[in-house]
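These notes are about the structure you will find just below.
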Amino acid sequence: MVYHPDLGYFDEGVDLTDADLYKSANQPFGQATILPPFTYQSKVFSDLEDEKLWTRSWVAIGTTHQLQNPGDLLPFTVGHHGIHVQRNKDGSLTGRFNKAQHGGCRAVPLQCQTGKKTKCSFTSCGYSLDRNVLRVEEIGENTPTMHQYLGLIPERLLPIKVDTWGPFVFVNLDASSNSLAKTLGDLPTKIDTYLSNTLSLLASEWFQCTSNWKLAGRAFYDVENIETTTSNYRNDSENYFLTPDLILPQVDSDEKDMTNNAQLCWLFPNLLLILTSSHVVSVILQPTSMGESVLRTCIFSNNKNKNDIDNSKLPFTWQNYIQTIQIRASSIQEQADKLTAPGAPELKEEMIPRETNLAGYLLHRYVTKQIEAEHDYYWNAPLYNNP
């Protein structure tokens, strides 16, 4: 959605849309390799992901619990695009591109063109880091902060698709996309008992991860117990991966339901769910650079009686669990970086490691399928609606 399609996506003379680059990652599981290292390191590839994946998929951005009152606004950067979802007076949700797609700057500053999201005191756009939900009772409707997103006439902002599943809010920037229900397929029939209307949000916290978003998601499944359990597991969906019942020994808790009979679900591209009999932990993956991402984490309870905890921080047990994931993801990123580090031998296909993680393998297939798909391009689409 950013580039004219005639310009293509080339890095060091290589066409990153060439399907031959990803053949080894699409071999049968056990023979397939990880994705080529440039998919974790290249700014051009992140631009390609923006065009082919983030702006073409149903992307999780938050929860309905965050948008409690009319006027509440949740910002989110989808790929390179600054968008928001706002609660209406009738309780419905409206999604729009932000007023200032490029920060309201006369030209996009050089520090905002590096592929790394940066803090901006002026506004919020597709190049800046997000802030948390803006509550109308704390900020007001007609304030400079709200104006950064809505402008004077919100009705003129370009709309985007919004839908919900359970407590989760999704957006899709492609006007011609399939419905969220079609993307979910049969997943709701398998886990909707976990996503009941009685879920209470106990706490939420954001974690910075020094790895590409794809590796951060993969790290949740990079555990011996999971690899053994899923070694012969057949997955019939291209849009998600759901494990059978698992034991999560890395969750140090006295509560057996936190460690036994858990299920892990990855709804591609960016929603991870840890499901237990009494809790649901959600992790929304959001890239902030080629080698960094944010894990927007929430913990929900099926018990209406909320625990007396700080709702801005996860309980220590789950903080420790997520921090373990951070360390594991960073280690995987370091291994990928070594393949192309200065002084390393010239990289050949046979040097790329095999993918031993089934979740990572299925994500790779999802990503490459998105890259190879043909779409209508919107590079010249207007930034404002003409109602």
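Every read-out reported here was derived from the displayed coordinates using simple, explicitly stated rules and does not represent laboratory data. What you see is a predicted model; the values in this text were computed from it and never measured. Note that each Cβ is placed from the backbone with ideal geometry, even for glycine, and that neighbours are counted across all protein chains shown.
Here the label points at SER200 and GLU238, each 7 Å from Cα along the C-beta direction, are separated by 4.2 nm in the simple model. Which entries in the list LYS119/LYS338; LYS116/LYS369; LYS89/LYS313; LYS23/LYS182; LYS52/LYS369; LYS161/LYS182 go over 21 Å, if you measure between the two C-alpha atoms of each? Violating the 21 Å Cα-Cα cut-off are LYS119/LYS338; LYS116/LYS369; LYS89/LYS313; LYS23/LYS182.
One decimal place: the segment LYS182-LEU7 gains 59.8 nm when fully extended, by the rule 0.36 nm per residue minus the C-alpha distance.
Cut-off 16 Å, label point 7 angstrom out along Cα-to-Cβ of SER289: give me the residues of the range 114-140 whose amide nitrogen falls inside. Counting only backbone N, you get 114-120, 127-130. Strictly greater than 13 Å: what percent of every Cα pair in the range 87-151 meets that? When every Cα pair of the range 87-151 is considered, 67 percent fall beyond 13 Å. Note on ASP337 and TYR377: their simple-model spin labels are 3.3 nm apart, each label 7 Å out from Cα toward Cβ.
Here r is the Cβ-Cβ distance between ILE153 and SER312 and R0 is 22 Å; the resulting FRET efficiency, rounded to 0.05, is 0.05. Our coupling estimate for the range 360-373, obtained by passing each phi through the Karplus curve with A = 6.51, B = -1.76, C = 1.60 and θ = phi - 60°, is x, 4, 5, 5, 4, 5, 5, 5, 5, 5, 5, 5, 7, 6 Hz, Gly and Pro reported as x.
Residue separation of GLN31 and PHE122 scaled by 0.36 nm, minus their Cα-Cα distance, works out to 27.8 nm of gained length. Summarising the amide proton neighbourhood of THR118: residues at separation of 5 or more, or on other chains, whose placed amide H is nearer than 5 Å comprise SER128, LEU129. The amide H of THR288, built 1.01 Å from its N in the peptide plane, has SER293, VAL294 as neighbours under 5 Å, considering only residues 5 or more places off or on other chains.
Phi angles of the range 164-172 translate, via the Karplus equation with coefficients 6.51, -1.76, 1.60 and θ = phi - 60°, into HN-Hα couplings of 10, 9, x, x, 9, 9, 10, 10, 9 Hz per residue; Gly and Pro are given as x.
For CYS105 and LYS161, the difference between the fully extended length at 0.36 nm per residue and the C-alpha to C-alpha distance is 17.5 nm. Between GLN113 and SER278, the modelled labels are 5.5 nm apart [label points 7 Å from Cα along Cα→Cβ].
Shown is the FRET efficiency for ILE327 and ASN88, computed with R0 = 45 Å from the Cβ-Cβ distance and rounded to the nearest 0.05: 0.60.
With the highest mean first, a sort of the peptides 166-177, 75-86, 147-158 on other beta-carbon atoms found within 10 angstrom per residue produces 75-86, 166-177, 147-158. Grouping the Cα pair distances of the range 59-177 into 10 Å bins from zero gives a pair-distance distribution of 14, 48, 32, 6, 0 percent in increasing distance order.
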